[in-house]
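The block underneath contains the structure these notes are about, expressed in structure tokens.
The values are calculated or read from the model by the stated rules, or taken from the named source; none is laboratory data. Since the model is a prediction, treat every value here as computed from it, not as a measurement. Please note: Cβ atoms are built from the backbone with ideal geometry, for glycine as well, and neighbour counts cover all protein chains shown. For the accessible areas, the whole protein counts, side chains as well, though only heavy atoms, and no ligand, DNA or RNA atoms are used. Shrake-Rupley method; radii C 1.70, N 1.55, O 1.52, S 1.80 Å.
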Protein chains: 4
Amino acid sequence: MCTGKTIRIVVWNEFQHEKKNDKIAAIYPNGMHGAIAAALKQNAAFEVSTATLDMPGCGLGGDILANTDVLIWWGHMAHGQVPDELVQKIYDRVQEGMGLIALHSSHASKIFTKLCGSNSVNLKWRESDDKEILWVVDPTHPITVGLGKDHIILEREETYGEHFDIPAPDELIFVSWFTGGEVFRSGFTYKRGLGKIFYFRPGHETFPTYHNPAVLQVIENAVHWCAESAFVKPVYGHYKEPLVK
Amino acid sequence: MCTGKTIRIVVWNEFQHEKKNDKIAAIYPNGMHGAIAAALKQNAAFEVSTATLDMPGCGLGGDILANTDVLIWWGHMAHGQVPDELVQKIYDRVQEGMGLIALHSSHASKIFTKLCGSNSVNLKWRESDDKEILWVVDPTHPITVGLGKDHIILEREETYGEHFDIPAPDELIFVSWFTGGEVFRSGFTYKRGLGKIFYFRPGHETFPTYHNPAVLQVIENAVHWCAESAFVKPVYGHYKEPLVK
Amino acid sequence: MCTGKTIRIVVWNEFQHEKKNDKIAAIYPNGMHGAIAAALKQNAAFEVSTATLDMPGCGLGGDILANTDVLIWWGHMAHGQVPDELVQKIYDRVQEGMGLIALHSSHASKIFTKLCGSNSVNLKWRESDDKEILWVVDPTHPITVGLGKDHIILEREETYGEHFDIPAPDELIFVSWFTGGEVFRSGFTYKRGLGKIFYFRPGHETFPTYHNPAVLQVIENAVHWCAESAFVKPVYGHYKEPLVK
Amino acid sequence: MCTGKTIRIVVWNEFQHEKKNDKIAAIYPNGMHGAIAAALKQNAAFEVSTATLDMPGCGLGGDILANTDVLIWWGHMAHGQVPDELVQKIYDRVQEGMGLIALHSSHASKIFTKLCGSNSVNLKWRESDDKEILWVVDPTHPITVGLGKDHIILEREETYGEHFDIPAPDELIFVSWFTGGEVFRSGFTYKRGLGKIFYFRPGHETFPTYHNPAVLQVIENAVHWCAESAFVKPVYGHYKEPLVK
């Protein structure tokens, strides 16, 4: 629906690989967050900023979260360095209605596993430059709009394989194929409190995945989907006067 | 999302009760379809027409269905008079991407049961002027937008009761309470082919339900939701050249 | 649970390919139904019979369906030859509580599409001797019991690919990988009325798939799962005396 | 399925209300855990023990959890006194495959909210001796076996009302009606890791709910359902040799 409202987005990245590895830095000179943010900024309805692990407060201090509609998260080697207090703040903000897009290895981030209610959100993985083909299994979902084709091909990606230890998704949108024989539920949604959550698999740091127009289209669509939250404000707690007496 | 596209809606009503019963005619001088259409016409993005059973071709002949984005259906005493050929055409058009909103006793219409894949889509029912309270169980669903409150009260309605013999909904949005002790899954969604389907319980012919602003808001929201279909056009059939050789 | 009850199974096969093609007959000298039935007969709790298209009444006349707890269905080239009246009888019996296991190309059978409420239940397909790997995505589902491993490998199978035009499954249990780049939701469940339905993809006629112990284990598990139906008998229809007055 | 295996059950109760309030003690002289355990002990396939908050280690120390197949949990006024370390141990054990049945006010227990991934698992509540009617909405689910009727009537219970802030259930089995106009999703399932979870609403301490045969039947059924877990042991982690090279 046309709300005309600006959507306030923060793209968070641990931003470690890019600083430690020249090849990765060459792919993402402004970090993966920079690449994603640059793409989203093309949309005039979006107000986009970025935040990283080594900023004070991980770049999410003060009232930043309170003023964020959708948080995009990329983490991997530094999951453990994100303070528990911050994780709790993000978690609380999701329950209030902030959307969350968890990318790639963020499946194992503190925030995503906490929202899943699953310990490990475990999976199989290999780094072997496999081809990934993401097939659309829900072609009328708004997160697929504009893709045109019923699949996305990524010539080289890290491989993730089932079993993926997640709660049954509310909506399963993409399933991936990999050269080595693996499949993976690579795009799906949950709701927690008044917040909407989208997990999207692609985006290993060693590949230019966040320069791929179809991948960026999915992320942009997911922002729209996640931002449409908190329509009804339920009343909770002690409810003295019943509707019917 | 803001597509700016006009949504073409047909409100179909068997339009029998209104012509046979003066009290019902007094509530709906232009039929229930007329009341619903009048409300939807307030939205400049909607192009709204109506159709009834006793029109030639049930008002859905020629290329009308092909040019309809969302079909709203109200049927009850005359389910059996809707020709099977027309039911098949509507069914085919839903698979292509037309949205369908099935209201009240349309749970037992030929088109809804056929789309459910269930024989009877059976339920319990009583006509005893019970109060109905529809509780929102999915407060972030776009179909609840604008309601504000987490419930809708209808002072008098026909009672439907569980067990409601439907396939497990994709999304359960409303659950109803009735004075006599019944509950009912009264708002939920399915997808079939590229078409989206919303069932909404309220609207017995003897009550002014389709003059209720909250009920009309839900129907308007559902039009938006149902019209957002067919984003990706999957390729089906014999697939000679695999993507990977 | 230990009910100790005998489960009455009919394995239905159109039984056309085996009679027309010597190579297929060599793989299945007693038909695919014969191979499946022979395996199921090893279970002392099962009473197993078979039925085929060219038997009088397609082998399902008289009170056979009324005395069947689980119907296993394999059809392909002769979907159109199954009489609509018989399809309606099977459909009605599923609503009453009979389990249905639809195998492989039965996705396009009259009975399965009718229960899906989808027109075509369309998909992509290739015959190119691809390898199929079925990955378990729901490792605690009873249909996976006894498999041990989290995947089943079939060295050569026909390829089916997404998008598979089905209603969102109630439970998704297997996802398949194929050599040519395809994935497929290859094992999943629905409920219709009091009946339970399991679709299982493997079993192209030109391959010895129904001699594979893991495939047969899944079918045996599915019989147990499908037969556990109709626990509560809901009351439907006009309900004069409400529980609360 | 007939596994013939003994199911090891621990019924855990905070056991506070019964010791502080004579009226409650009169209803449950051996505690609510005692009433539930006594009923379950009638089943020869069950090995039943109990544990309470004021026992050393909350009665769940040593290798007790490791030797428990299904944990039944009742908590209310003392949620905060359950040590976080114990909650983590239970959580880990659920991921490994232990079943969990969360009763009534345990919706707000540390273990249930942690498994939900929702902050509050909030709801509306009133203590006004309302009647509760639990309607079966999934009549073929094994958790309803033996009920016969499609509803359970509890003459007096505490009222819980929607919106209930839970993740969308995997399976919704019961919906409750209350005198004051509320409805509530009162029986539903989740899976987390290899563990199965059933939430069941009834059981306020001031009412003899755990002496009701239908309520006890549901709990017994849920034990069977929850204990059927961990069929396939997925392989996780670095996966050096792909199945296809």
Query raised in the report: How large is ³J(HN,Hα), in whole Hz, for each residue of the stretch B:166-176 in order, when computed from phi with the Karplus curve 6.51 cos²θ - 1.76 cosθ + 1.60 and θ = phi - 60°, using x for Gly and Pro?
Result: 10, x, 3, x, 5, 9, 9, 10, 10, 10, 9
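Just add up the charged neighbours of residue C:162: K/R +1, D/E -1, any other residue whose Cβ is under 9 Å from the Cβ of residue C:162.
On the way: positive: C:124, C:185; negative: A:150, C:182.
Neighbour charge sum, excluding residue C:162 itself: 0.
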**Report entry** Longest to shortest principal axis, alpha-carbon extents of the stretch B:28-111, angstrom
**Finding:** 33, 28, 24
**Report entry** Cα long-axis angle, helix C:84-96 against chain C (0 to 90 degrees, to the nearest 10)
**Finding:** 60 degrees
Report task. Round to the nearest 10 and report in Å² the accessible area of residue A:211, as given by a 1.4 Å probe over the protein chains' heavy atoms. Result -> 100 Å²
Query raised in the report: By Cβ position, which chain D residue lies least far from the axis that rotates chain D onto chain A, and what is the distance to the nearest whole angstrom?
Result: D:117, 2
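Enter the buried accessible area of the B/C pair, total of both sides, probe 1.4 Å, in Å² rounded to the nearest 100. Mind dumping the intermediate values first?
On the way: alone 11850 and 11870 Å², together 20730 Å².
Summed over both sides, the interface buries about 3000 Å².
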Requested in this report: Round to a whole angstrom and tell me the spacing of the C-alpha centers of the stretch D:197-245 and the stretch C:51-75.
Outcome: 36 Å
Query raised in the report: What list of ³J(HN,Hα) values in whole Hz, one per residue of the stretch A:21-26 in order, does the Karplus curve 6.51 cos²θ - 1.76 cosθ + 1.60 (θ = phi - 60°) give from phi, with Gly and Pro shown as x?
Result: 9, 5, 5, 5, 4, 5
Requested in this report: Shortest first and in nm with one decimal, please list how far the residue B:81 label point sits from its counterparts in the other copies (point 7 Å along Cα→Cβ).
Outcome: 4.3, 6.9, 7.4
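Rounded to the nearest 5, what is the percent of antiparallel bridges among the DSSP beta bridges in chain A? Present the calculation step by step, with values, prior to reporting the outcome.
Values: 25 of 46 bridges.
Roughly 55 percent of the beta bridges in chain A run antiparallel, per DSSP.
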Query raised in the report: Can you give the accessible area of residue A:125 in Å² (nearest 10), computed on protein heavy atoms with a 1.4 Å probe?
Result: 80 Å²
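Once you list every other residue whose beta carbon is under 14 Å from the beta carbon of residue B:43, what net charge do they have if Lys and Arg are +1 and Asp and Glu are -1?
Numbers: positive: B:5, B:8, B:41; negative: B:47, B:69, B:220.
Local net charge: 0.
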**Report entry** DSSP bridge pairs, the protein assembly as shown: antiparallel proportion in percent, nearest 5
**Finding:** 50 percent
Query raised in the report: Which distances, in nm and shortest first, link the residue C:43 label point to the same label point in every other copy, taking 7 Å along Cα→Cβ?
Result: 2.1, 4.9, 4.9
Query raised in the report: Do the sum for the protein assembly as shown: with -39,500 (n - 2.57) for every DSSP H run of n ≥ 4, divided by all residues, what is the mean residue ellipticity at 222 nm, to the nearest 500 deg cm²/dmol?
Result: -6500 deg cm²/dmol
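With the cut-off at 1.5 for a/c, could you classify the stretch B:132-245 from its C-alpha gyration tensor as rounded, prolate or oblate?
Values: a/c = 2.88, a/b = 2.21, b/c = 1.31.
Prolate is the answer for the stretch B:132-245, as a/c is 1.5 or above and a/b outweighs b/c.
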Query - Normalised per residue, the volume of the convex hull around the Cα set of the stretch D:109-178 (Å³) - result: 107 Å³
**Report entry** For chain D, diffusion coefficient by Stokes-Einstein and Kirkwood Rh (Cα), 37 °C, 0.692 mPa s, µm²/s
**Finding:** 178 µm²/s
Query raised in the report: From the Cα gyration tensor of the stretch D:188-245, with a ≥ b ≥ c the square roots of its eigenvalues, which class applies: rounded if a/c is under 1.5, or else prolate if a/b is larger than b/c, or else oblate?
Result: prolate
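Can you check what the net charge comes to around residue B:116, using other residues whose Cβ is under 10 Å from the Cβ of residue B:116 (Lys, Arg +1; Asp, Glu -1)?
Working: positive: B:114, B:192, C:192; negative: B:165.
Once positives and negatives cancel, what remains is +2.
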Report task. Mind listing the label-point distances from residue B:54 to the same position on all other copies, shortest first, one decimal in nm, points 7 Å along Cα→Cβ? Result -> 5.6, 7.7, 7.9
Query raised in the report: Per residue of A:143-150, how many C-beta atoms from partner chains lie within 10 Å of its own C-beta, taken as a mean?
Result: 4
Report task. Using all C-alpha to C-alpha distances in the stretch A:31-80, build P(r) with 5 Å bins and read off the rounded percent in each one. Result -> 4, 17, 27, 27, 17, 6, 1, 0
Query raised in the report: So what is the relative contact order for chain C, in percent, with contacts set as C-alpha pairs under 8 Å and at least six apart?
Result: 20 percent
Query raised in the report: Accessible surface of residue B:156 in the full protein assembly, 1.4 angstrom probe, to the nearest 10 Å²?
Result: 120 Å²
**Report entry** Choice from C:223, C:232, C:70 showing the highest fluctuation, given a GNM over chain C with Cα pairs closer than 10 Å
**Finding:** C:232
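Compute the Cα gyration tensor for the protein assembly as shown, then decide on rounded, prolate or oblate, letting a ≥ b ≥ c be the square roots of its eigenvalues: rounded whenever a/c is under 1.5, prolate when a/b is larger than b/c in the other cases, and oblate in all that remain. Walk me through the intermediate numbers first.
On the way: a/c = 1.07, a/b = 1.00, b/c = 1.07.
In terms of gyration-tensor shape, rounded.
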